[in-house]
Amino acid sequence: SWTYLCYWGCPQYSSYTDTNDWFVYEATSREATSREKFEMAFNDFFQNGFNPEAFPVGTNPGCISQELFDQITAVYDEAMFAIEDGNLSDAELDDLTARIKAAKQAYEEAISVKAGKYYAFVCLRSNDMVYEDDANNLKATAGMAALPEEITVDEAKYIFQTEDAGDGYLYIKNVATGNYWSKNPGTSAQWKTEATAANKFTIPRYSGTIFNQRHSSGNYTHIDGGMKLVQWNSPGSAGCQYYVHLVDADKVTPLLSALEKQQFINTYKNYYASAKAVPGMYLYVSGITMDGNYA
């Protein structure tokens, strides 16, 4: 059998046989010039220009502060001038290249989802917020696209706290229950939570203010037609895309004491229910009838 490296596919399935024809060039290396390095840095960061539509100002992930926007705008304006100015020295171009790279690094740091913060996730598919139900299932609620201005314990199930899991990964914990997002459940299976921090996630930006949620296995979360959070590996689909809302810690902190008490009560309710079931596990029915002298 043959395996073809081509643009389209195996030629037996395609009439475009020319897609299997290649020019082969020998590649030779040389040091890039200062202008070439500048142009590569410019195209890497500013390929779509720099404007409020593509780089929105705000507090949610995917947005940057007005101060950072102004700083990057100054670098962008200078870079645009340098494109037309062929008289800049190598030192000037090298300095500008370094500042473009620093601006990109500052931008990427500013827009990322970070550890130690509180977030709410709204899926683009239905514009509904992710939450944990009473059976430890992750779902999306109908008609809840934003938290109210005043947050109570009732809304805590929509809020998730991120914890540093090392190597750029996060643990994601539900504020109401204290449970963590659990392991990859398999294609189309519903994602659940568990009591311990064992499964790691990243929340990479897809574009603009839109993010994906990715398990360390490489699989993505997805809101399906039944409003369940499941595994489905299509980061470009609306079901795999989320707006990430930063929740003010000052609004969450006053709820923590009541939530911890509720988590304690729920834990011991489960222990009590489990203990009540224990005698039934050891009952033995013999079919023998006893008279009143025996028990």
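The values are calculated or read from the model by the stated rules, or taken from the named source; none is laboratory data. Keep in mind it's a predicted model, so treat the numbers as computed, not measured. Cβ: placed from backbone, ideal geometry, glycine included. Neighbour counts: every protein chain shown. Keep in mind that these areas ignore ligands, DNA and RNA; they rest on the heavy atoms of the full protein, side chains included. Shrake-Rupley method; radii C 1.70, N 1.55, O 1.52, S 1.80 Å.
What percentages make up the Cα-Cα pair-distance distribution of the chain when the bins are 5 Å wide from 0?
Histogram of Cα-Cα distances, whole percents per bin: 1, 5, 9, 11, 11, 10, 10, 9, 9, 7, 5, 4, 3, 2, 1, 1, 1, 1, 0, 0, 0, 0, 0.
Go ahead and estimate [θ] at 222 nm for the chain from helices alone: -39,500 (n - 2.57) per DSSP H run with n ≥ 4, summed, over the residue count, rounded to 500.
Theoretical 222 nm ellipticity from helices: -9500 deg cm²/dmol.
Can you sort Val247, Val57 by solvent-accessible area, 1.4 Å probe, largest first?
Val57, Val247
Once you order the gyration tensor axes a ≥ b ≥ c over the Cα atoms, which shape class does region 9-163 get: rounded for a/c under 1.5, otherwise prolate or oblate by comparing a/b with b/c?
In terms of gyration-tensor shape, oblate.
Could you tell me how many degrees, from 0 to 90 and to the nearest 10, lie between the Cα long axis of helix 34-46 and the main elongation axis, the longest principal axis, of the Cα atoms of the chain?
Long axis of 34-46 versus the principal axis of the chain: about 40 degrees.
Rounded, prolate or oblate, given the Cα gyration tensor of region 226-295, with a/c below 1.5 counting as rounded?
The shape class here is oblate.
Over 26 Å between Cα atoms, which of Lys114/Lys157; Lys117/Lys261; Lys228/Lys276 qualify?
Check vs 26 Å cut-off fails for Lys228/Lys276.
With a probe of 1.4 Å, find how much accessible area the chain has per residue, and write the answer as a whole number in Å².
I get 62 Å² per residue for this part.
Quick check: net charge around Gln231, other residues with Cβ under 11 Å of its Cβ, Lys/Arg +1 and Asp/Glu -1?
Taking every other residue near Gln231 into account, the sum is +2.
Does anyone have the angle between helix 256-282 and the longest principal axis of the chain? Alpha-carbon axes, 0 to 90°, nearest 10?
Taking the Cα atoms of the chain, the angle to 256-282 is about 50 degrees.
Ordered by residue, what ³J(HN,Hα) values in Hz, to whole numbers, does region 150-162 give under the Karplus form 6.51 cos²θ - 1.76 cosθ + 1.60, where θ = phi - 60° and Gly and Pro are x?
Listing the rounded values in order: 9, 8, 10, 4, 5, 8, 4, 5, 8, 10, 10, 9, 9 Hz.
In whole Hz, what ³J(HN,Hα) sequence does region 203-213 give by Karplus (6.51, -1.76, 1.60; θ = phi - 60°), x for Gly and Pro?
Each residue's phi maps through the Karplus curve to give 10, x, 6, 8, 6, x, 9, 9, 10, 9, 10 Hz.
Can you list the HN-Hα couplings for region 231-245, worked out from phi with the Karplus curve (6.51, -1.76, 1.60; θ = phi - 60°), rounded to whole Hz and with x for Gly and Pro?
Karplus-based 3J(HN,Hα) across region 231-245 equals 8, 7, 8, 9, x, x, 7, 4, x, 9, 10, 9, 7, 10, 9 Hz.
Less than 12 Å Cβ to Cβ from Gln105, Lys/Arg counted +1 and Asp/Glu -1: what total charge do the surrounding residues give?
0
Take the solvent-accessible surface of the protein heavy atoms, probe 1.4 Å, and return the percent of it on the chain that carbon and sulfur atoms account for.
52
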